[in-house]
Structures are given as C-alpha cells and as structure tokens.
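Visitor: Below is a structure I'd like to ask you about.
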Amino acid sequence: MLKIKNSLSVTSILAIMFVFSFVFVASVEAVQNQNMNQEQNTSTVGQQNQEQNQEQNQKQQGQINAEQHRSTVANFVQSLLQVADREGGIGEQVRTIAQQQNQSASTTVRAMEKVQTRNKVKAFLIGTDYKNLGALRSEMVQTRNRLEQLSKLMENVQNEGDKTELQNQIQTLEQEQIRIESFIKAQEGRFSLFGWFVKLFNK
C-alpha cells in the first residue's frame, strides 16, 4: 500500500512538474514573440519615421529653393520700382518689367515646389514632373526677354547710380536663371523606369 502511495506521489509530482514546465515554456515563447513583435514594430516605426523625415526634408528643400527665388525676385522688383520712380523717361517701362517679373516669380515658385515634392513612387515609375519643368523653362524664356529689354533701357538711364543698380540686378537675375537651369537638369537626370516614355508626350 505504501509503495502504491509513493508511486502515486511521484506520479503527481512529475505531472505537476510537467504542467509547470509546459506553462514556463509557453510563457518564454510568448515573451520571445512579444519581443520580436516589438522589435519589428520598432523597426517599422523607425523606417516610417525615416521615410517621413526624408519626405519632409525634400519638401523643405523645395521650399528653400522656392523661397530663395521669391526673395531674389522681390529684391529685383523693389530695386526696379525705385529706379522707375527716379527715371521719368523709361520709368513706366521699367515698372512694367518689374510687375511682369513679380507675376512670373509666383508661377516659378509653384512649379519648383511641385517638382521638388513629387511623390517618390510616382517619380521612380514615371519620372519627374515634366509638365512643371516645362513651365519653368517657359518662365525662363520670358525672364530672358525681360532682361534683354532692361539692358536696352539701361542705355537711356541718365543717373549713374541707377545704371549701376540695374546692372547689378540684371546680373543677380541672370545667376538665378543659371541656378534654375541646374535645378531643371538635375530633376530631368533622375532615374525612372518609364520616364523616357512619359517624356515623349511632354515635349
């Protein structure tokens, strides 16, 4: 009888140990799975944050380019309006050029922002925003024409200070034109899978 009791006790102890072992293993596996999920979630969140930061930086870069252009043109327009007020003979023509360039700046800024903040997936598949790059090139042609008009008008400026100011502003805007041209070429040079095909329909 004692042997049977001892046998039952041993069996009970082994059964209890087995149950505890099973629970312990299951708990360990649950903790490991939870840690793996947390690591995966952390990795995913980190990747999402990194992508968001890259996208935000890209948008900020677009804004910096746009703001730089807006500031340059604003100084150009202000200087031309001041010259126009002092120069009676060509004042009205200079004022017209200043107003036209101010309107052109708004179009240029919008186009630059749209190109720079284009969706990354779309840019990879079909290329850059050729439509807005075309708008930029169009504004560049018009700006070049205005600079030529301004150079001709400058020959009739009597005040040497005004003439020097116009020369400086023309040079500044010419440098801005070079910067925009570089911006366009950089965007056109970006790799895309089907950009060459889309570009055929945007010429």
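The values are calculated or read from the model by the stated rules, or taken from the named source; none is laboratory data. On a predicted model such as this, the values are computed, not experimentally measured, just so you know. Glycine gets a Cβ as well: all are built from the backbone with ideal geometry, and neighbour counts include every protein chain shown.
Visitor: Please count how many residues of segment 118-158 are surrounded by 15 or more Cβ atoms within 10 Å (Cβ to Cβ), over 17 Å from Glu188 (Cβ atoms) and either under 14 Å from the mean Cα position of the chain (by Cα) or among the β-branched types (Val, Ile, Thr) (or both).
Guide: 2
Visitor: Looking only at segment 124-143, which residues are out of contact with any helix residue (DSSP H, G or I) (no Cβ under 7 Å at 6 or more places or on another chain) and of a type outside the set (S, T, N, Q)?
Guide: Scanning segment 124-143 gives Phe124, Leu125, Lys131, Gly134, Val141.
Visitor: Restricting attention to segment 68-112, and to residues there that are charged (D, E, K, R) and assigned to a helix (DSSP H, G or I), which single residue is nearest to Glu176 (Cα to Cα)?
Guide: Looking at residues that are charged (D, E, K, R) and assigned to a helix (DSSP H, G or I), I get Arg70.
Visitor: If I ask for residues that are at pLDDT below 90 and either surrounded by 12 or more Cβ atoms within 10 Å (Cβ to Cβ) or at positive phi (or both), which ones from segment 160-199 would you list?
Guide: Within segment 160-199, Gln187, Glu188, Arg190, Ser192, Gly195, Val198, Lys199 meet the criteria.
Visitor: Looking only at segment 58-73, count every residue that is modelled with pLDDT of 50 or more and either surrounded by 13 or more Cβ atoms within 10 Å (Cβ to Cβ) or under 10 Å from the mean Cα position of the chain (by Cα) (or both) and tell me the total. Give the steps one after another, and end with the answer.
Guide: Of the residues in segment 58-73, the ones modelled with pLDDT of 50 or more are 63-73.
Still in the list and also either surrounded by 13 or more Cβ atoms within 10 Å (Cβ to Cβ) or under 10 Å from the mean Cα position of the chain (by Cα) (or both): 63-70, 72-73.
Total satisfying the criteria: 10.
Visitor: Still on this structure, I have one more. Which of the residues belonging to segment 87-109 are surrounded by fewer than 14 Cβ atoms within 10 Å (Cβ to Cβ) and in contact (Cβ under 8 Å) with a residue 40 or more places away in the chain?
Guide: Residue satisfying the conditions is Gly89 alone.
Visitor: Also, quick follow-up: Conditions: (1) free of Cβ contacts under 8 Å to residues at least 12 places away in the same chain; (2) farther than 25 Å from Arg190 by Cβ; (3) in a helix (DSSP H, G or I). Gln169 meets all but one. Number of the miss?
Guide: Gln169 satisfies all of (1) free of Cβ contacts under 8 Å to residues at least 12 places away in the same chain; (2) farther than 25 Å from Arg190 by Cβ; (3) in a helix (DSSP H, G or I) except (1).
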